[in-house]
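K.L.:
Encoded as structure tokens, here's the structure I'll be asking about.
The values are calculated or read from the model by the stated rules, or taken from the named source; none is laboratory data. Source: prediction; values computed, not measured. As a convention, Cβ positions derive from the backbone with ideal geometry for all residues, glycine included, and neighbour counts pool all protein chains shown. The accessibility values were calculated without ligands, DNA or RNA, using every heavy atom of the protein model including side chains. Shrake-Rupley method; radii C 1.70, N 1.55, O 1.52, S 1.80 Å.
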Amino acid sequence: RPASTLSWRSLAFYKLPFGAAQLQFKSDGGALALVAPAQVPLLNGGFALQQLAWRPAADKQDRINASFAVTDLDVGALCKLFGWPQFPGTLAGAVPALRYNGDSVMFDGGLSVNVFGGFVDVTSLALQQPFGVAPVMTADIDLHQLDLGQVTGVFDFGSITGKLDGTIHGLK
């Protein structure tokens, strides 16, 4: 079968403003799969969709498998979109494997984010009933060398300086 093309000039997904893109898909054995990785502009940075397979009729297996990365996202613009405090800087990170089966989203291999001059590694990340009334998130989080000046500088109570390392394991 010939490849199908999905393209847009602009796209908003959960308030995120994606720029123009063109994605090529092939259909095989009940799955719609991305033919080649795609780079999409997002918040003055980029969203790289490296792999995507969608099985709309799947009931026991994963309905969606994907991997992606973000580079140089403008954190201030992201904060403004969601009404959060205006943190400075850029955000970069990768999700090496995402699986969605209808009841849950699992991030195999975790999520690694470069933010506030350091790194945040999230492992064992899962969302149960992500589109339900009471979604549940579980994760283990490791913080490495976060610049507290960047984290606290946006609040009116003063500032804290130094570097932060820490762990939050068993978060639910």
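K.L.:
Which count do you get for residues in segment 135-164 that are part of a strand (DSSP E or B) and under 21 Å from Thr90 (Cβ atoms)?
P.N.:
Of segment 135-164, the ones part of a strand (DSSP E or B) are 136-147, 163-164.
Still in the running and under 21 Å from Thr90 (Cβ atoms): 141-147, 163-164.
Of the residues in that region, 9 qualify.
K.L.:
Sticking with this one: Collect the residues in segment 86-100 that are in contact (Cβ under 8 Å) with a residue 40 or more places away in the chain and assigned to a strand (DSSP E or B), keeping them in residue-number order.
P.N.:
Keep residues of segment 86-100 that are in contact (Cβ under 8 Å) with a residue 40 or more places away in the chain, which gives 86-92.
Within segment 86-100, Thr90, Leu91, Ala92 meet the criteria.
K.L.:
Evaluate the following for Ile160: is it open to solvent by 80 Å² or more (accessible area, probe 1.4 Å) and modelled with pLDDT of 85 or more?
P.N.:
Working: open to solvent by 80 Å² or more (accessible area, probe 1.4 Å): yes; modelled with pLDDT of 85 or more: yes.
Yes; evaluated as a whole, the condition is true for this residue.
K.L.:
Within segment 13-42, can you find the residues that are open to solvent by 80 Å² or more (accessible area, probe 1.4 Å), closer than 25 Å to Phe131 by Cα and either part of a strand (DSSP E or B) or among the aliphatic types (A, V, I, L, M) (or both)? Can you show your working first?
P.N.:
Let us first name the residues in segment 13-42 that are open to solvent by 80 Å² or more (accessible area, probe 1.4 Å), namely 13-15, 22, 26, 28-29, 35, 37, 39.
Next cut, closer than 25 Å to Phe131 by Cα only: 13-15.
Within segment 13-42, just Phe13 meets the criteria.
K.L.:
Criterion first (over 30 Å from Gly149 (Cβ atoms), open to solvent by 60 Å² or more (accessible area, probe 1.4 Å) and not β-branched (Val, Ile, Thr)) does Asp62 satisfy it?
P.N.:
Working: over 30 Å from Gly149 (Cβ atoms): yes; open to solvent by 60 Å² or more (accessible area, probe 1.4 Å): no; not β-branched (Val, Ile, Thr): yes.
The answer is no for Asp62.
K.L.:
While we're on this one: Are there any pairs, at least 6 apart or on different chains, whose C-beta atoms fall under 6 Å, with the first in segment 1-30 and small (Gly, Ala, Ser) and the second exposed (fewer than 10 other Cβ atoms within 10 Å of the Cβ), and if so, which?
P.N.:
As it stands, the answer is Ala20/Arg9; Ser27/Arg1; Gly30/Ala57, since those pairs meet every condition given.
K.L.:
Return a yes/no flag: does segment 144-156 have any residue that is surrounded by fewer than 13 Cβ atoms within 10 Å (Cβ to Cβ), at negative phi and over 21 Å from the mean Cα position of the chain (by Cα).
P.N.:
Yes, there is a match, as at least one residue in segment 144-156 is surrounded by fewer than 13 Cβ atoms within 10 Å (Cβ to Cβ), at negative phi and over 21 Å from the mean Cα position of the chain (by Cα).
K.L.:
Continuing with this model, one more query. Just to verify a result, which residue in segment 76-123, among those that are among the small types (Gly, Ala, Ser) and touching a Gly at 6+ places or on another chain (Cβ under 7 Å), is nearest to Pro37 (Cα to Cα)?
P.N.:
Initial filter on segment 76-123 (among the small types (Gly, Ala, Ser)): 76-77, 83, 89, 92-94, 97, 102, 104, 109-110, 112, 117-118.
Subsequent filtering for residues that are touching a Gly at 6+ places or on another chain (Cβ under 7 Å) retains 97, 112.
Values: Ala97: 14, Ser112: 20 Å.
Only one residue fits best here, namely Ala97.
Conditions tested, residue by residue: (1) under 23 Å from Lys172 (Cβ atoms); (2) open to solvent by less than 60 Å² (accessible area, probe 1.4 Å); (3) basic (Lys, Arg); (4) in a strand (DSSP E or B).
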site	(1), (2), (3), (4)
Phe68	no, yes, no, yes
Lys80	no, no, yes, no
Trp84	yes, no, no, no
Gly102	yes, yes, no, no
Phe107	yes, yes, no, yes
Val113	yes, yes, no, yes
Val122	yes, yes, no, yes
Val133	yes, no, no, no
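K.L.:
Separate question: When segment 126-164 is examined, which residues are found to be of a type outside the set (A, V, I, L, M) and under 23 Å from Phe107 (Cα atoms)? Give the derivation first.
P.N.:
Of all residues in segment 126-164, those of a type outside the set (A, V, I, L, M) come to 128-132, 135, 138, 140, 142, 144-145, 147, 149-150, 152-153, 155-159, 161-163.
Gln128, Gln129, Pro130, Phe131, Gly132, Pro135, Thr138, Asp140, Asp142, His144, listed by residue number.
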